[in-house]
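The values are calculated or read from the model by the stated rules, or taken from the named source; none is laboratory data. These figures come from a predicted structure and were not determined experimentally. FYI the Cβ positions are ideal-geometry reconstructions off the backbone, even for glycines, and counts take in every protein chain you see. Quick note on the areas: whole protein, heavy atoms, side chains included, nothing else; ligands and nucleic acids left out. Shrake-Rupley method; radii C 1.70, N 1.55, O 1.52, S 1.80 Å.
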Amino acid sequence: MSTERIPRMSADDRRELVLEAATRAFARGGFHGTSTDAVAREAGVSQPYVVRIFGTKLELFLEVFERAVGRIRDAFAAVLDDGDFDPASEDDKARMGMAYSELLEDRDFLQVMMHGFSSGGTEEIAAAARRCMGEVFATIKRTGWDDEQARDFVAYGMLLNVMISMRAPEHVDPQSPLSALTLCAFGDALPGLAPPA
């Protein structure tokens, strides 16, 4: 019989474990439909432990949501920090788009973000959503695009979010009028977004 010891996790590792579990749980149920107990079960820890680390469910959701939107801001910043960006270049615009498309493969991250943007009835979440969207927009403006070009880029990204949330990439059907929009919106990225059969 093996008596191999499982190493103890550091406090940072346990915190990360709970954040990852909370991302999965909030992705399924949103802020209002997810309890700290559900997060604890997902993480394999006790509910009091989740509360001890994060305080309230609201504080936990805000951290998960802000991490999700922060991934977008950081992906765009990485493209811009990688070298010169020509605001008139279609190739550079495509690089920004690809940085976002790669993130969309993580459905949990996307769903948490969508839940956050649609939870405006909770003032703290609405305030975080406004601030986070402002940070993303400010990062996009570093491209040199004017307000309208940056707006169009954000709007296109939000269209992709909505279509993934409704699982449009998984239901491309030549008989459906939505399929043309799905194919047009996702282009070459579509095969990576539809789960394997």
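What to note about this one:
- Where labels lie 7 Å past Cα in the beta-carbon direction, separation of D86 and S165 in nm: 3.7 nm
- Among the listed values (i) 16.8; (ii) 17.3; (iii) 18.5, the one computed from these coordinates for Kirkwood radius over Cα pairs in Å is (iii).
- Taking the accessible area of the chain, probe 1.4 Å, and keeping the other protein chains in place, the carbon and sulfur fraction comes to 54%.
- Solvent-accessible surface (1.4 angstrom probe) belonging to S176, in square angstrom, nearest 10: 40 Å²
- Rounded accessible area per residue of the chain, 1.4 Å, Å²: 56 Å²
- Sparse-neighbour loop sites [trypsin sites (Lys or Arg not before Pro); region 6-44; at most 13 other C-beta within 10 Å; DSSP]: R8
- Ligands, DNA and RNA excluded, the heavy atoms of V154 present near 30 Å² of accessible surface to a 1.4 Å solvent probe.
- Per-residue extension of 0.36 nm, minus the Cα-Cα distance of E105 and A78, leaves a gain of 7.9 nm for this segment.
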